Amino acid sequence: MATIALGVDDVRARTFPFPARHFTSAADLDRDALAALLDLADGFVALNREKAKKLDLLKGRTLMNLFFENSTRTQSSFELAGKRLGADVVNMSPRASSMSKGETLIDTAVTLNAMRPDLLVVRHSASGAASLLAQKVSCSVINAGDGQHEHPTQALLDALSMRRAFGRVEGLTVAICGDVLHSRVARSNVLTLQLLGARVRLVGPATLMPVGADRWGAEVFHDLRRGVADADVVMMLRLQLERMTGSLVPSTREYFRFFGLDREKLARAKPTVKVMHPGPMNRGVEIDSDVADDVAISLIQDQVEMGVAVRMAVLTSLAARLDND
Amino acid sequence: MPAPRPIALVNARLVDPASGYDGPGSVLAASGVISDVLQKPAIEGLSPEIETVDCGGAMLAPGLVDIRVKTGEPGAETKETLKSAARAAAAGGVTSIVVQPDTEPAVDEPSVVDFILRRARDIGLSKVYPAGAATKGLAGQEMAEIGLMREAGCLYVTDVDRPITNSQVMRRAMTYAHGFGVPFAHRPADPSLSELTAAHESEFAARMGLVAGPAIGERIMLERDLALAELTGATLIVDQLSTGDALESLERAKAKGLNVRATVSINHLSFNEIDIGDYRTFYKLSPPLRGEDDRQALVEALAGGLIDVVVSAHAPAPAEDKRLPFDEAAPGAVGLETLLPALLGLHHERRAPLIDLMAAVTLKPARLLGLDAGALAKGAPADLVVCDIGAPVKVDADRLISKSKNSPFDGRSLQGKVMLTLVDGRIVHDARV
């Protein structure tokens, strides 16, 4: 896709008020808003590649990163996004273990709300934590991952990476592979990709497939070889180490044998296939380094770059909504 | 091994559950496979190159497939080796056996599966297939490498005599196995009711002063297993039903259309608790011999097709493990050499048609495990048994081929002599005189 040099004015022109006050689920966006958001993010990609990256679109706004779970990647992505837009960024990392969940989460929210942030980015180990916070604060809440539920900005950056690689998302066959059961990335991606017209497959051992996944509008496979056959995109999910020791999967070697992505299995996908991974990767468990590091097929580095751009788009759009309210 | 000479088995009573044919016929085998099946006693124009065997009206059927056989290899070779088990199987007309994974080391990873298959190839007698453990070390905690074992050639997974009590472990293992298309066998026994017991709870056991477990322990676990089969969609093999009570649960599950198949051991079809008599440990089995009502119900369930498969439950135990007080003796009985004549007893007693009884030891177990066996069909492996079903045999444990002699049939008179066993067209047992 030819890169058109976009300037700040283009970005301003593309800015629109976010359709909801909060962004807690990929389902908060309809197809038009989703496309518009990706267009806006495209603009930020161009700006981020300039030497001077600092903008003032969020000048005077306060962005608070509230990460109950550690995440270097997502947290710094939001932090960079906020800073490049000129917002004041505060990082908070309350230790989830020392808190009794629920009650203290709300206490924290009320306390933080009193500091009058404009945008609150939340990562929490409990599904629904972002929604709960959204009900208790007056600022905009962005879900940066809640338990096994959703991670909507990840789905956006994945969609943007695909759109830039293929020129479209519609009609692509995307195989999401691995630990679907515990994956918020998978859940958000299913929603977002289907909205954009992709054919989504879910691939993984039966023990790591959510009950009723076949009714998500996606095709379910328990065999990676068949699951990636003729796929345009193979998206590998991370398998948590504690899940490899017998309760859900017998062993690392068995997992890699049947569900790890290597050249041999990937050869069944389309020749133009692109490989994605939300990171951090377990090399030799869900993905072979040989595949992960092949710049000709891997979009993994693009995903990181797109992450900052889509988060800038989301923040800008949510702030535009705050301006209107 | 060189290819065996073509062989014509003529003038036989063909019993082929796959086609439903029971009548006069002949079979021609060449290059290890059945090259022709004729529904007439003679084959005309046979070349002199072909070895011709006149079966004299004896039954000619597919070789038996016994899906529950224990040996002592690896780990306890004094009890039984894969080779001695394969020889015993051949003598009993059993051409395929599935050996159990409760060995030392356990068959819970692919290299042990591979070991057994390599040994089996070298033996060149009856075919030996491994079952894999469902959980590591059969400990009921962590899933074994079911996928890798399947790839290496295991036919199903089971923790053999150790029921998996943790329902979460069981659910996940069944789900996982199902994802790989691997059948899951489980012994329906609630260990909290059956652990450390030596007999079936009854008035008889009470008078004998034996530590006994109630029949209901079987149904309790079976109900859970069936519920999990329904939840997971897995293929469940109910391992050795022994109580009439549990049959009702099985019937309901089958009526619901669940993927469930049940086995019964030849011992539970042949004996009841009274056979224990004066604390004879050769009748100590796991599950224990039950009451006569249970035995009758099992026979009826087999005749009616509710029970699918009959197994020998071959479990060799040397004298030192059996010559102990009843409570302390090892459970189990050898059975490969007596499976067929004992099963034929039900035919002689007119409890079930011969062809249905044979289906339970040939076609049905083969289909259940996807084996190319159990049928007299052109192109199928020439795994065959010729058995004079009326001939009397007196079981003499000392003359059994098994390394262990713990047969509950010792001294009993049965009817049905295995004359000839062929595996891949090769004679592996010949009792013709």
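Structure remark: mean-square fluctuation, Gaussian network model of chain B, C-alpha springs under 10 Å; the largest value among B:ALA206, B:ALA303, B:ALA333 belongs to B:ALA206.
Near B:HIS314, once Lys and Arg are set to +1 and Asp and Glu to -1 for all other residues with Cβ below 12 Å from its Cβ, the sum equals +1. Considering only A:MET235, A:ALA198, A:LEU63, the residue lying farthest towards the positive end of the dipole of chain A is A:LEU63, judged by Cα position with unit charges set on Cβ.
Near A:ARG164: Cβ cut-off under 13 Å, other residues only, Lys/Arg at +1 and Asp/Glu at -1. The net charge is -1.
Angle, helix A:31-48 long axis vs. longest principal axis of chain A, Cα atoms, 0 to 90°, nearest 10? So the helix axis and the longest Cα principal axis differ by about 80 degrees.
Chains A and B together bury some 1400 Å² of accessible area, summed over both sides, with a 1.4 Å probe. Residues of segment A:175-211 that bury at least 40 Å² of accessible area when the other protein chains are present, relative to the chain alone (probe 1.4 Å, heavy atoms, ligands and nucleic acids excluded): A:ALA206, A:THR207.
Taking the 1.4 Å solvent-accessible surface of the protein assembly as shown as the whole, the part contributed by carbon and sulfur is 49%.
Per-peptide packing, taken as the mean over residues of other Cβ atoms within 10 Å, places A:186-196, B:284-294 in the sequence A:186-196, B:284-294 from highest down. Since only A:LEU248, A:PHE221, A:VAL122 are under comparison, the one whose Cα sits farthest along the positive direction of the charge dipole of the protein assembly as shown, derived from C-beta charges on Lys, Arg, Asp and Glu, is A:VAL122.
How much of the DSSP bridge set in segment B:70-211 is antiparallel, in percent, rounded to the nearest 5? Percent antiparallel among DSSP bridges in segment B:70-211 is about 10.
If only the Cβ of Lys and Arg carry +1 and only the Cβ of Asp and Glu carry -1, the dipole of chain A around its Cα centre is close to 200 debye. Of all the options B:LEU354, B:LEU46, B:LEU339, the one that moves most in a Gaussian network model of chain B with Cα springs shorter than 10 angstrom is B:LEU46. Bridgeable aspartates and glutamates around A:LYS51 (alpha carbons under 19 Å apart, same-chain partners fewer than 8 residues away excluded): A:ASP9, A:ASP10, A:ASP42, A:GLU79, A:ASP302, A:GLU305.
Simple point charges give the picture: +1 on the Cβ of Lys and Arg, -1 on the Cβ of Asp and Glu, and for segment B:12-138 a dipole about the Cα centre of about 240 debye. DSSP finds beta bridges in the protein assembly as shown, and of those with both partners inside it, around 35 percent are antiparallel.
Highest mobility in the GNM of chain B, judged by mean-square fluctuation with C-alpha springs under 10 Å and restricted to B:ALA131, B:ALA246, B:ALA360, is found for B:ALA246. At a probe radius of 1.4 angstrom, the accessible area of the protein assembly as shown per residue rounds to 38 square angstrom.
Computed from Cα atoms, the angle from the helix B:216-232 axis to the main principal axis of chain B rounds to 70 degrees. Positive contributions from Lys and Arg (+1) and negative ones from Asp and Glu (-1), summed over other residues with Cβ under 13 Å from the Cβ of B:GLU230, come out at +3. In terms of its alpha-carbon gyration tensor, chain A comes out oblate; a/c meets the 1.5 threshold, while b/c is at least as large as a/b. Listed by chain and number, the aspartates and glutamates placed with their C-alpha closer than 18 angstrom to that of A:LYS136 are A:GLU103, A:ASP107, A:ASP118, A:ASP146, A:ASP325; residues fewer than eight positions away on the same chain are left out. In square nanometres, what is the average projected area of the Cα convex hull of the protein assembly as shown? Convex hull of Cα atoms, orientation-averaged projection: 38.4 nm². For the segment B:143-151, counting C-beta atoms of other chains within 10 Å of every residue's C-beta and taking the mean gives 5. Taking all protein chains together and rolling a 1.4 Å probe, B:TYR279 ends up with roughly 100 Å² accessible. Cross-link partners of B:LYS364 among lysines, defined as those whose alpha carbon lies under 22 angstrom from its own and excluding same-chain residues fewer than eight positions apart: B:LYS70, B:LYS127, B:LYS254, B:LYS256, B:LYS378. Placing a pseudo-label 7 Å from each Cα along the Cα-to-Cβ vector at A:ARG31 and A:ASP325 gives an inter-label distance of 2.9 nm. Under the rule of -39500 (n - 2.57) per DSSP H run of 4 or more residues, summed and divided by the residues of the protein assembly as shown, what mean residue ellipticity at 222 nm is obtained, to the nearest 500 deg cm²/dmol? Value at 222 nm, helices only, nearest 500: -10000 deg cm²/dmol. Counting Cβ atoms of other protein chains within 10 Å of each residue's Cβ and taking the mean over peptide A:256-267 gives 1.
Output the 0 to 90 degree angle, nearest 10, between the alpha-carbon long axis of helix B:82-91 and the longest principal axis computed from the alpha carbons of chain B. So the helix axis and the longest Cα principal axis differ by about 60 degrees. Charge dipole of the protein assembly as shown (Cα centre as origin; +1 on each Lys and Arg Cβ, -1 on each Asp and Glu Cβ, all else neutral): 1820 debye, rounded to the nearest 20.
Counting, for every residue in B:174-184, the Cβ atoms of other protein chains within 10 Å of its Cβ and taking the mean gives 4.
The values are calculated or read from the model by the stated rules, or taken from the named source; none is laboratory data. Small disclaimer: the values here were computed from a predicted structure and weren't measured. Don't worry about glycine lacking a Cβ; one is built from the backbone with ideal geometry, like all the others, and counts go over all protein chains shown. Note: accessible area is taken over every heavy atom of the protein model, side chains too, but ligands, DNA and RNA are not part of it. Shrake-Rupley method; radii C 1.70, N 1.55, O 1.52, S 1.80 Å.
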